[in-house]
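The values are calculated or read from the model by the stated rules, or taken from the named source; none is laboratory data. Everything numeric here is computed off the predicted structure, so don't read it as measured data. With ideal geometry, Cβ positions are generated from the backbone for all residues, glycine too; neighbour counts draw on all protein chains shown.
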Amino acid sequence: MNRPVAILIGAALILAFATMALVVIPGFQVHNLETTGYLEDYTQQELRGRQVYINQGCIYCHSQQPRSFGQTPADMTKGWGRASTPADYVYDKPHLLGTMRTGPDLLNVGARLPSQAWHLTHLFQPRAIFEWSLMPAYPFLFELKQQPAADDLVVKLPSQFKPAGHQVVAKQSALDLVAYLQSLDRTYPVADKEHYLRDQGFDGQLETEQSQEVKNESGEG
Amino acid sequence: MHTSFSLLLILSFVVSLVALAAMVWAITRGHFFGGKKAALSIFEEGETDVLDDPASVYSTRTHQFDAVRAGIDKSGRSVVLVFLSVAMFFLLVGSLYGLLSSFKLHLPDWLSQYEFLTFGRARTVHLNLVNYGWLSVASLAVVLWVIPRVFRTPLRRPRMALWGGLIWTLGLIAGALAISLGWSDGVEWLEIPWQISVFLVVGVLFVAWPVIETATHREVEHVYVSAWYFLAALLWFPLLYFIAKIPGLHFGVEQATLNWWFAHNVLGLWVTPMGIATAYYLIPKIIGKPIFSYNLSVLGFWSLALFYSQVGIHHLVGGPIPTWLVTLSIVHSIMMFVPVIAVAINQHGLMLKNMWAFKQSYTLRFIWLGALMYTLSSFQGSLEALRSINTITHFTHFTVAHAHLGAYGFISLIMMGAFYYILPHLFGRAWPKPGLIKLHFWLVVVGITIYVVFLSVGGWLQGVELLNPATSFETITRNIKPYLEWRSLGGSLMTLGHFVFAYHFLIMLKQPKAHTRGGE
Ligand code: HEM
Ligand code: HEM
């Protein structure tokens, strides 16, 4: 036992055991999930926008996993949506659950904020919309033009944020990103069997019923 | 279906407990693991009961800087030096990126025109450089230096290890550039594109091979506890990283479990064992007394392996992940008290009986403070995994404070201490300006204290507010801002400390031979 090789073998076995528990078995449990029937795959443009979301690192401030009503009613009242289930993510490659809420949850931002114009202004300069926002500005997703072309999308800005003598025009990457954000909408209702596949450790019996009701309501809306 | 998974949960836990019981039994059966003799195996004649810190004015040993081991140290001398220099480089660049990210969080329009420095990218470059550049490379340097010593045989294939370091370093630089330019795999802790990650896997294997070969040529009977951790970590990391980076293996929430299985293991089974093992070697060496209980340290090792490997899903508490899995990781997070207390009794037990050494040696201060922060951050982490606490701290800057208490307060401080101990032995001469060590120490200690205290308080308040349906996001954002500003102050002091450290390192390297004290 007092041998380096024995240590290595023991160490490898333990890791294999943990991998079974944490990765392989849960993998079987949630593998090949049927989509709920409501969720649609991303379009080509939305997928390009998703890549922009990834490479700009939005995930480091925004989660995409609203909490259950049993854990807190706050997510629901802020309009972030019902508790998500594994079936909500079947098209997510890679996953973007996130672990920070320096900014709000975005899993249902497409339902909460459907306007393209709003998003373009917000991405160009978040403080043009919320004076208190700490979100970075993304001016490099836009270009300045003196004479925008006919099919250019000109960003609406309050006068103090307008660059002198120029119009702000969205680049393709900004349009793609906004298309992705608009696609984020998991407000459809979920069945109990899907709900069982998520963490229900915070949901007492009573709360589950309550949240069920809220879920159904929001599903209709 | 529900019940069968509950059974699995219980099964995993029972297996871990049985394994633990078997360990305790094996240990009580006697000298199975070597006991006291093994604990003493790191000392040569006359090395016990005297302070050994070349950076301390109190070090009374007419220091020959380990004439006994000079032959052993020599084989790996240049490799270790290269690794230490690379680690220092990544410490500096990595901290600058951390500082940049920190300022950007409260000054969102600062430098916002440069896409490659946007918060999401700068922060990711920070994490990758400090984790894979500073912590990992510094750890590898320590491994390459300590392993031949505890096995009393020269390092085998030092050139192969050097190549490994080179491949790793170039891979990491390429990875950081890729992220800066917007090419990322998009998974936290695994952002470096897999095409580049291959280099990191090959690099670490090139280091692991010589280490294992050296171990198999050992000329001591006992395997000292530090070597247990080092060897296991060198096996775990390549496996973990390789599996986690296989493209297209998983997606959706399955990928999320894979993600956090990896991300917590890279902490628990890679940098943490490195930090613990370094402390297990250096604390007794500096004080000149063996650790409190060798058998306990072995128990600590196996229980760490068992429990730490299963805690990853505590990063997804309350998420779209099956309940049993979350509970499994919470239970194992609590079980982490076992290995943490085992290490604490051993390291702090020895230290508390020898506080004189703490006063005399700044090297030891770095290392012991680091060991203490290991205990603290782990206790904190175990509690943070509980549902009642996690519901507040998850998604907030409290997590970031915890991350720095662990990755900085624990591992970084221990690695800095290791630099102060190793370099004089490598060069056979003392540090040119001991005052700078003091300055470095106080800058980073004050800095990290500000960092952790303010972000913990701010993060906690943020978490409470996030749970309150009546609090608007505007209020939450306005309230967190001052705490983020304090973090920038703390981070600036830390970064300044790193520059002092690097300057001292440079003049140590450049010191003319004539100034050397002691011989090679
Ligand atoms: C008993 C030991 C420990 C336990 C049970 C533990 C537990 C936790 C928990 C519950 C979280 C928060 C997850 C979340 O809410 O998102 C966390 C985050 C973290 N911990 Fe620990 N921790 C332990 C020790 C350590 C140590 C020693 C280190 C440093 C080496 C460390 C580094 C981190 C980091 C870096 C994060 C942030 C990860 C991220 O979000 O990217 N932890 N830990
Ligand atoms: C050199 C030692 C350091 C290490 C090992 C280290 C480690 C880490 C880790 C593991 C994370 C990820 C935390 C998480 O995901 O929860 C992180 C994030 C971060 N670190 Fe560091 N760090 C170091 C130094 C610094 C310094 C000097 C600063 C300067 C203020 C800093 C500022 C930050 C910031 C701003 C973040 C991003 C937090 C966020 O996403 O909100 N770090 N660091």
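If I filter the range B:330-342 for residues that are buried (at least 24 other Cβ atoms within 10 Å of the Cβ), in contact (Cβ under 8 Å) with a residue 12 or more places away in the chain, more than 10 Å from ligand 1 (Cβ to nearest atom) and part of a helix (DSSP H, G or I), do I get at least one hit? The answer is no; no qualifying residue exists.
Of the residues making up the range B:318-329, those that are at the interface with chain A (Cβ under 7 Å from one of its Cβ atoms) and either within 14 Å of ligand 1 (Cβ to nearest atom) or in a helix (DSSP H, G or I) (or both) are B:G318, B:G319, B:I321, B:T323, B:L325, B:V326, B:T327, B:L328. Among residues of the range A:82-110 being under 19 Å from B:P322 (Cα atoms) and small (G, A, S), the one that is surrounded by the most Cβ atoms within 10 Å (Cβ to Cβ) is A:A83. Scanning the range A:88-105 for residues that are within 19 Å of B:V317 (Cβ to Cβ) and either among the aromatic types (F, W, Y) or in contact (Cβ under 8 Å) with a residue 40 or more places away in the chain (or both) returns A:D88, A:Y89, A:L96, A:M100, A:R101, A:T102, A:D105. In the range B:477-496, the residues that are without any contact (Cβ under 8 Å) to a residue 60 or more places away in the chain form Cβ pairs under 6 Å with partners that are near ligand 2 (Cβ under 10 Å from one of its atoms) and aromatic (F, W, Y), at six or more places apart or across chains, as follows: B:G490/B:Y451. Residues that are surrounded by fewer than 19 Cβ atoms within 10 Å (Cβ to Cβ) and out of contact with any Gly (no Cβ under 9 Å at 6 or more places or on another chain) number at least 1 in the following helices (runs of 4 or more DSSP H) confined to the range B:107-185: B:158-180. Is it true that some residue in the range B:74-82 is crowded, with 24+ Cβ neighbours inside 10 Å and at pLDDT 95 or above? Checked the range B:74-82: at least one residue is crowded, with 24+ Cβ neighbours inside 10 Å and at pLDDT 95 or above. Exactly one residue among B:V207, B:V253 is buried (at least 24 other Cβ atoms within 10 Å of the Cβ) and within 16 Å of ligand 1 (Cβ to nearest atom), and that residue is B:V253.
The set of residues from the range A:106-129 being without any contact (Cβ under 8 Å) to a residue 40 or more places away in the chain and either within 16 Å of ligand 2 (Cβ to nearest atom) or not in a loop (DSSP other than H, G, I, E, B) (or both) comprises A:R112, A:A117, A:W118, A:T121, A:H122, A:P126, A:R127, A:A128.
With the structure loaded, tell me whether A:G37 is at pLDDT 95 or above and on the phi > 0 side of the Ramachandran plot or whether it fails that test.
So A:G37 does not fit the description; no.
Beta carbons closer than 7 Å, at least 6 apart along the sequence or on distinct chains, pair a first residue in the range A:1-24 that is closer than 21 Å to B:V253 by Cα and at the interface with chain B (Cβ under 7 Å from one of its Cβ atoms) with a second that is crowded, with 23+ Cβ neighbours inside 10 Å and β-branched (V, I, T) for A:L22/B:T257; A:L22/B:I313; A:V23/B:T257.
Condition check ((1) assigned to a loop (DSSP other than H, G, I, E, B); (2) of a type in the set (G, A, S); (3) within 22 Å of B:H402 (Cβ to Cβ)) across all residues:
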site	(1), (2), (3)
A:T72	yes, no, yes
A:D75	no, no, no
A:G79	yes, yes, no
A:A87	no, yes, no
A:K93	yes, no, no
A:L97	yes, no, yes
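Here's the yes/no breakdown for (1) within 14 Å of chain A (Cβ to nearest Cβ); (2) polar (S, T, N, Q); (3) farther than 22 Å from B:R487 by Cβ; (4) within 16 Å of ligand 1 (Cβ to nearest atom):
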{"position": "B:S382", "(1), (2), (3), (4)": "no, yes, yes, yes"}
{"position": "B:N390", "(1), (2), (3), (4)": "yes, yes, no, yes"}
{"position": "B:T396", "(1), (2), (3), (4)": "yes, yes, no, yes"}
{"position": "B:F419", "(1), (2), (3), (4)": "no, no, yes, no"}
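Residues of the range A:148-196 that are among the hydrophobic types (A, V, I, L, M, F, W, C), over 22 Å from A:F130 (Cα atoms) and within 13 Å of chain B (Cβ to nearest Cβ): A:V190 alone. Quick one: A:A150 ticks every box in (1) in a loop (DSSP other than H, G, I, E, B); (2) surrounded by 15 or more Cβ atoms within 10 Å (Cβ to Cβ) except a single one, so which number is it? Exception for A:A150: condition (2).
When A:Q116, A:Q125, A:Q147 are checked against the criterion of being modelled with pLDDT under 95 and among the polar types (S, T, N, Q), a single residue qualifies: A:Q147.
From B:L496, B:L455, which residue is within 17 Å of B:M416 (Cβ to Cβ) and surrounded by 14 or more Cβ atoms within 10 Å (Cβ to Cβ)?
The conditions single out B:L496.
Residues in the range A:29-45: is at least one in a helix (DSSP H, G or I), more than 9 Å from chain B (Cβ to nearest Cβ), surrounded by fewer than 23 Cβ atoms within 10 Å (Cβ to Cβ) and free of Cβ contacts under 8 Å to residues at least 60 places away in the same chain? Checked against the condition, which is being in a helix (DSSP H, G or I), more than 9 Å from chain B (Cβ to nearest Cβ), surrounded by fewer than 23 Cβ atoms within 10 Å (Cβ to Cβ) and free of Cβ contacts under 8 Å to residues at least 60 places away in the same chain, the range A:29-45 yields at least one hit. Scan the range A:47-58 for residues that are of a type outside the set (D, E, K, R) and more than 7 Å from every other protein chain (Cβ to nearest Cβ) and the total you get is 5.
If you filter the range B:343-363 down to residues that are polar (S, T, N, Q) and assigned to a helix (DSSP H, G or I), you find that the one that is nearest to the other protein chains (Cβ to nearest Cβ) is B:N346.
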